[in-house]
Amino acid sequence: MDGAIYLNQAEAAIQQPKAAKVSLVIQPYVYASVFSSLCIIVGLIWDISWHTSIGRDGLLAPPHDVIYLGAVFAGLFSAYQVLRTTFFGTAAEKQASVKFWGIFYGPLGAMFCIWGAIAMLTSAPFDDWWHNTYGLDVVILSPPHTLLAIGMMMIQFGAMIAVLSSLHGAKHDNGAMHKWLFVIASGLLLTSFYTLFSEYLNKARSHSAMCYIVGGILFPLFLIAVARATKMRWAATATAAVYMSMMLIMLWVLPLFHASPRLGPVLNHFDHYQPFHFPLLLVLPALAIDFVFFKFQNKKPFIKVMLASLAFLLVFFVVQWNFGGFLQTSIYARNWFFGSYAWYFGANPEWPYRFAFYPDFIETGASLARGMGIAAVVAILTGLLGYRWGSWMKRVQR
Amino acid sequence: MRALKSVLLTGLMLISLSVFAHVGSPGVIYQGKAGPYTIMVNINPPDVIPGTANISVYVDNQQVSHIYAQPVYWYAGNNGSPRADEALPVNGTPGQYQATVWLMQRGVASMRISVDGPAGKGSAIIPVMAVSTATRTMPKSLDWQLAGLGLLLVVLMITIIGASVSDGTQAPGTVRSSGPKKYMAMGIAALILFVILYGGSAWWNSWSSNYRRFLYKAPLAHTSIIKHGQQMLLQLSIDTTWLHNNNQLISYVVPDHGKLMHLFLIREQTDDVFAHLHPLRKDSSDYLTVLPDLPAGRYRVFGDIVRWNGFAETITDTITIPEKPVMQNATQNSPLLYSDPDDTYVTSNSINDNKNAFTGKFALICGKPGTEMKLADGSTATWQHTAGTAFEANKIYPLTFMIRDPSGQPAQLQPYMGMKGHAVIMKYDGSVYVHLHPVGNYSMASQQIIQNRINGNQKIPGLPDPERFRDSVDQLITKIRTMTEDERNNYLNANMKGMDMPAMNMSSDSMVTFPYAFPGPGNYRIWVQMKRDGRILNSAFDAVVE
C-alpha cells in the first residue's frame, strides 16, 4: 500500500494502520462463484435433457435445484464478501474493493454475482406466473427464462471477473491457480452461450450460413475477449477445451441414468436420458485465435483482431461443416460417444429429416457465400468488441 | 414500458368464458364402469395448455388396491401415452382418490382411469378437450414484488457499470475517481437497459397476443329463418371466413347419438321455451331443420357437434323468432323437409314467475328438489333431492329424477336416442350451458372415437378426403333417420358396445340419474328429456346453487 492516495484523510487515518493485512489467499467467494458457475451449467444442460427425456418438471425439479443452488451459493458468498468488507474489512480490503451506494465495499465480481442471483430469484415467481398464464415450459427462451438466463450468465461472468480482480488486485503469487480458475470460468460461460444459441448452432444447422453467422457473432466476441484479458498463451484454446469437456461429460454421463417420458403424447420411447449435443469442435478455431495473437502480437489491434476473427471463422466453417455433416447423417454418430441418436420424446422418430439435413437448412452457392460474407463482417466487428471487452477485463483490479 | 405496465398493473385475474361442448362448465364428469368397478370421475381440465388436470375418482363400497390416471391423446394413440400417474387416497374421504395429470398439447385427449383390486383390473376412457381458454393478468401483489426487484436490478446494474469504469479498474489503494467517464457510462447503461426493457415489453406483448391467437374459440355462426316451399326452416350457417382465418375445417363432423348436431333453442330472459332439434346439413357449413311452432322472442342457440377426431364443441348464437317469421332466400317448389323424429320442444313457466303464461297451451310448471311436477302426458316427475336444500358449487351430485305414469305407478322408460335420458342445464343468465347424460357430461361420440383409436392400429392418422368423408357421414345420417325407432335404438346400442356403461342399460327402472357438479353459484334451470310410450317426455326443474 506504499504510495497509495486515499480518498480522504479520515479514511486514511483510520484504515491505514490495518493496510498491512492484505489477504494473500484467494477469497472463498472466488471459488464459490466458479463453483456456482459450474452448478449453473450442469443444472442447465441437465434441465434441457430433462425436458427432452422426461418433460414434466416443477419449480423445484432436481435440475432447477442445481441451478438455484448455483444462484444461492454465488449470491450468499458474494453478499457475505460485500458485507464483511463493508463492516469488518481492513483498510486494505476496502481499498481493494469498489465502493457503491456510499457505504458498501465489495469486489466487482461479487457485485455481478449478486446481480445475477437476484435476477435468477426474481425469475422464479415470474416464471411461475408465466406458466399459469401461458402454459407450462415448452420453450427455452421466454421472457422469464431469459431473465433467468441473463442472471445465470451474469453469475458466470461475475466468476470470471472475481478471478481476474483477485489476480490483478491482490499481492500474492497464485498465478497458475488464477489462470486455471479463469479458463474454467470462461469455458463455463462459453458453454452457456452455446446452450442459449444451440438452436442455430446444432448439427442440423451446420450446413446453413446462419450457423456461422451466429457463431461469428458469439465466439470471436468471447474468445478474443478471453485471449486479450489474460496473459495465458493458449487462453482461447483452453477455454474452448473446457467448454468441450463440459459438454462431453454431460453427453456421456446423463444417458447412464434412467429416464422415461412423463408427458404425452409420447412418439419416441426410451428408458434413459436423451443427452444434449456433442460439442462444436471449438478447440480448433480457438487455436487459430491464439495462434494469430501469438504470431502477430506486435501488430496493431485492428489487424490482429481482423486476422484472428477471419482465421477463427475459416477454421470453424471448415471443421464444423464437415463434422456437423458427420454428426447429422452418419450412422457412426448414432452411439453413446457422439450422441446423435438423442431425440425428443414428443417428436416422431420416423421423421425423414431426423438423420438428414432439412432442405430449408441447406445452403450452397451464392446464398452460402453471401451468408459467410455476413459472418466474416460480424466476426470482425464482434472480434473488435471482444478485444475492447478483453482490454477492460485486463484492467479490472478490484 | 407503457405496454409492460398495462400488463403488470391490470390487477385481478380474469378468466374468459370457455366454450367447447359446453358453455362455462369445463369440468368433465364420468359415471360408469372400469371393468368390474363402478366409479365416478371428476376431471378439472387445465384452462391453459400445457397445464395440469386435477382428477378425483370415487369408488363406492369396493376394495381397490391402486387407481391410475393416464392421458391418451387421439393424435398419438395408445402407444403415445406416457406412464400413468397413481391416484392417491384422499385422507378423511374413504373411496376418494386424487391425481394430477399433465396435458402437454392442445387437441383431443382423454383420461384412462385404470383400477386394480381384488376383483381384477378394469379401465375407463373419458374424453377431455385439451384447449387453452383462460386469459389472466398479474395479481397486484406479484406485480409490486416484481416491479421492486426489477427496479433493484436496474439500479444495481447501473451502479455496477459505473463501478466497472471507475474504481473497478483502479489499482487498490489509489484514489477513487468519479469523473465524467463514470457518469457517462452509467447514462449509457441506463439507456441500454431502457431499450432492453422496452424490447422485453414488446416481446411479452407479442407472446401474449400469440397466446390469444391460439386460445380456443368456438366457430362463429349465423342463425336465420328461411322459407323452404311452404315450410319454415331454421338455418345455422357456420362462418366460413372465420373458419378459414382460424385454420379450421368443418367437413369432418360425425354423428353423436345418431345426429350430426344437437341444436338447442332456449328463450332469453324467461327461459320458458326449450327446443331440442337435430338439423341436417345442406353443405359443409349450413345446417337446416324444420322450425317448430315456437313462441316469438329472442332465443339463445347452442349447437353441439363432434369432429372426426372426437373434438366436441358448442357453437353459440342468438336468433329472434318473430310472431310471423320474415322469410329470407325463399325457395319455391322445393321438396318437403321432414322434422327429425327426435325433435321436441316444451314450454314452461318463466324464471320470473310460477305461472303458465301461454294462453291455451300446456306449459310445465318447473319442479324443485323433492317436489312433484306434472308432465304433458299426465305422468309426473320428481327430483329425488331433499326439498328446500341448496346445492354447493363444484360438488358432484347425482341429479336423480323419478317418473310415474298417470296412474301414479313407476313409469316404464324407453330409450331416447339410445340413452335413458338427456338433460340440459343452463344458468338463468346463459353463462353456463351443458348437455349431459346419465354417464356424464362428455360426448359419447368422442369417447367412442378415442376408444376406436386405442383399439385400432397405432399409426399417426392422416386427414381423410373431405368430400368423401362428408358424403359417407351424410349417407349414414340419412340411413339412421329412416330407421324405425327400434332399429335406431338397436343401431345406437350396437354402436356403443364395448363402452362398458351400465347407465345405458334400459332396465325397468323408472329413475334416471345425471351426475353433475354445478360450476358456480346462481340459479339454474334443468330440462330433463326421457321417453315413455313412444312419446318424448320433457320436464324442467329449477335449482339454487350457493
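The values are calculated or read from the model by the stated rules, or taken from the named source; none is laboratory data. These figures come from a predicted structure and were not determined experimentally. Cβ atoms come from the backbone with ideal geometry, glycine included; neighbour counts cover every protein chain shown. These area figures cover heavy atoms from the full protein model, side chains too; ligands, DNA and RNA do not enter into them. Shrake-Rupley method; radii C 1.70, N 1.55, O 1.52, S 1.80 Å.
Overview of values
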| item | result |
| --- | --- |
| Residue order for A:F345, A:F323 - accessible surface, 1.4 angstrom probe, largest first | A:F323, A:F345 |
| At least 20 Å² of accessible area lost relative to the chain alone, listed for segment B:84-125 with a 1.4 Å probe | B:D85, B:W102, B:M104, B:Q105 |
| Pairs beyond 26 Å (Cα-Cα), from A:K300/A:K394; B:K33/B:K395; B:K33/B:K531; B:K368/B:K531; A:K203/A:K304 | A:K203/A:K304 |
| 13 Å beta-carbon shell around B:R488, net charge (K/R +1, D/E -1) | -1 |
| Selection from A:F182, A:H258, B:I126 lying farthest towards where the dipole of the protein assembly as shown points positive, charges on Cβ | A:F182 |
| Chain-alone versus full-assembly comparison, segment B:199-233, residues with accessible loss of at least 10 Å² (1.4 Å probe) | B:W203, B:W204, B:W207, B:S208, B:Y211 |
| Residue (of B:H385, B:S166, B:T314) at the positive-pole extreme of chain B, dipole from beta-carbon charges | B:S166 |
| Euclidean distance of C-alpha centroids, segment A:291-306 and segment B:279-322, integer Å | 77 Å |
| A:I249-A:I331 pseudo-label distance in nm [points 7 Å out on the Cα-to-Cβ vector] | 3.5 nm |
| Inter-chain shielding of A:125-134 (mean C-beta neighbours from other protein chains, 10 Å cut-off) | 6 |
| Those trypsin sites (Lys or Arg not before Pro) in segment A:225-272 that DSSP places in a loop and that have at most 14 other beta carbons within 10 Å | A:K231, A:R233 |
| Contour minus Cα-Cα distance for B:Y75 and B:K361 (0.36 nm per residue) | 97.9 nm |
| Chains B and A, summed buried accessible surface - 1.4 Å probe, Å², nearest 100 | 5100 Å² |
| Expected-Rg normalisation [2.2 N^0.38 Å, Cα atoms] applied to the protein assembly as shown | 1.18 |
| Label point at A:W321 placed 7 Å out along Cα→Cβ; residues across segment A:370-397 whose backbone nitrogen lies under 20 Å | A:370-380 |
| B:F214-B:S431 FRET efficiency (beta carbon distance; Förster radius 22 Å; 0.05 resolution) | 0.40 |
| Mean accessible surface per residue for chain A, computed with a 1.4 Å probe while every protein chain stays in place, in Å² | 40 Å² |
| GNM top mover of A:T133, A:T237, A:T195 - chain A, alpha-carbon springs below 10 Å | A:T133 |
| Sites A:L141 and B:A494, calculated FRET efficiency, Cβ-Cβ separation with R0 51 Å, nearest 0.05 | 0.45 |
| Area accessible to solvent at A:I217, 1.4 Å probe radius, in Å² | 70 Å² |
| Computed label-point distance, nm, for sites A:L314 and A:A366 using a 7 Å Cα→Cβ extension | 2.6 nm |
| Pairwise FRET efficiency - A:R233 versus A:F87, Cβ, R0 = 56 Å, nearest 0.05 | 0.85 |
| Calculated [θ] (222 nm, deg cm²/dmol) that DSSP helices of n ≥ 4 give over chain B, each run adding -39,500 (n - 2.57) | -7000 deg cm²/dmol |
| Size of electric dipole in the protein assembly as shown: Cβ of Lys, Arg +1 and of Asp, Glu -1, about Cα centre, debye, nearest 20 | 3660 debye |
| Charge dipole magnitude, Cβ of K and R +1, D and E -1 - segment A:26-196, Cα centre, debye nearest 20 | 600 debye |
| Accessible area in the full protein assembly, largest first, 1.4 Å probe, for B:E372, A:E93 | B:E372, A:E93 |
| A:H131, B:H222, A:H277, reordered so the largest accessible area comes first (probe 1.4 Å) | B:H222, A:H277, A:H131 |
| Mean accessible surface per residue for chain B, computed with a 1.4 Å probe while every protein chain stays in place, in Å² | 43 Å² |
| 1.4 Å probe, heavy atoms, protein only - residues of segment A:238-266 losing at least 30 Å² accessible area vs chain alone | A:R262, A:L263, A:G264, A:P265, A:V266 |
| B:I192 - accessible surface, heavy atoms, 1.4 Å probe, Å² rounded to 10 | 90 Å² |
| Lys, Arg +1 and Asp, Glu -1 on Cβ, resulting dipole of segment A:200-398 about Cα centre, debye, nearest 20 | 1120 debye |
| Kyte-Doolittle mean at least -1.0, axial Cα span of 27 Å or more - DSSP H helices of chain B | B:140-164, B:180-213 |
| Whole-percent carbon and sulfur share, accessible surface of chain B, 1.4 Å | 55 percent |
| Chain A, accessible surface, carbon-and-sulfur percent (1.4 angstrom probe) | 69 percent |
| Residue mean of other protein chain beta carbons inside 10 Å, B:134-145 | 2 |
| A:F126 - accessible surface, heavy atoms, 1.4 Å probe, Å² rounded to 10 | 20 Å² |
